[in-house]
Amino acid sequence: MLVLTRKLGEVIRVGDAVTVRVLEVKGSQVRLGVEAPAEVRIYREEVYRAIRKENEEAALRDPAGLEAANAAWQSQREKP
């Protein structure tokens with residue numbers, strides 16, 4: 001894991017397309033601003049885990065639906 005120290009207003013770059021800026025520091029909380037292309041999905045960890053769990057449960061209930069969802073996802077990725 002890379003650990004960085006940043007001050008208010010400073011920026012971290014992730015690749016060429018993602019910028020993370022420290023917007024505010026209040027006590028033990030830090031506000032971050034994230035700039036990324038629209039196709040990059042950004043989630044808080046707890047939201048990401050909930051989405052992942054829901055997807056796994058749906059796949060177990062309907063394995064055929066998983067293949068359909070994968071095909072739909074692949075077709076979205078191929079669009080310009």
Worksheet item: Does the range 11-23 contain at least one residue that is of a type outside the set (Val, Ile, Thr), in a loop (DSSP other than H, G, I, E, B) and open to solvent by 100 Å² or more (accessible area, probe 1.4 Å)?
Response: yes
Item to complete: Filter the range 24-40 for residues that are without any contact (Cβ under 8 Å) to a residue 12 or more places away in the chain and surrounded by fewer than 11 Cβ atoms within 10 Å (Cβ to Cβ) and give the result.
Response: Lys26, Gly27, Ser28, Gln29, Ala38, Glu39
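A quick yes/no check of all residues on (1) in a helix (DSSP H, G or I); (2) modelled with pLDDT under 85; (3) under 16 Å from the mean Cα position of the chain (by Cα):
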{"position": "Gly33", "(1), (2), (3)": "no, no, yes"}
{"position": "Ala38", "(1), (2), (3)": "no, no, yes"}
{"position": "Ala50", "(1), (2), (3)": "yes, no, yes"}
{"position": "Ala58", "(1), (2), (3)": "yes, yes, no"}
{"position": "Ala64", "(1), (2), (3)": "yes, yes, no"}
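Which is open to solvent by 100 Å² or more (accessible area, probe 1.4 Å) and hydrophobic (A, V, I, L, M, F, W, C), of Leu60, Leu66?
On the way: Leu66 fails: open to solvent by 100 Å² or more (accessible area, probe 1.4 Å).
Every option except Leu60 fails the conditions.
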Worksheet item: Do we find that Val11 is in contact with a strand residue (DSSP E or B) (Cβ under 7 Å, 6 or more places away or on another chain) and at pLDDT below 95 in this structure?
Response: no
Practice prompt. May I ask you to verify whether Tyr43 is surrounded by 10 or more Cβ atoms within 10 Å (Cβ to Cβ), in a loop (DSSP other than H, G, I, E, B) and either under 13 Å from the mean Cα position of the chain (by Cα) or modelled with pLDDT under 95 (or both)?
Written response: yes
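Going by the conditions given, is Gln74 without any contact (Cβ under 8 Å) to a residue 40 or more places away in the chain and open to solvent by 100 Å² or more (accessible area, probe 1.4 Å)? Lay out the reasoning, then the answer.
Values: without any contact (Cβ under 8 Å) to a residue 40 or more places away in the chain: yes; open to solvent by 100 Å² or more (accessible area, probe 1.4 Å): no.
Considered against the rule, which asks whether it is without any contact (Cβ under 8 Å) to a residue 40 or more places away in the chain and open to solvent by 100 Å² or more (accessible area, probe 1.4 Å), Gln74 comes out as no.
The values are calculated or read from the model by the stated rules, or taken from the named source; none is laboratory data. Everything numeric in this text was worked out from a predicted model, so none of it was measured. Counting neighbours? That spans all protein chains shown, and the Cβs are built from the backbone with ideal geometry, glycine included. We work out accessible area using only protein heavy atoms, side chains counted, and drop any ligands, DNA or RNA first. Shrake-Rupley method; radii C 1.70, N 1.55, O 1.52, S 1.80 Å.
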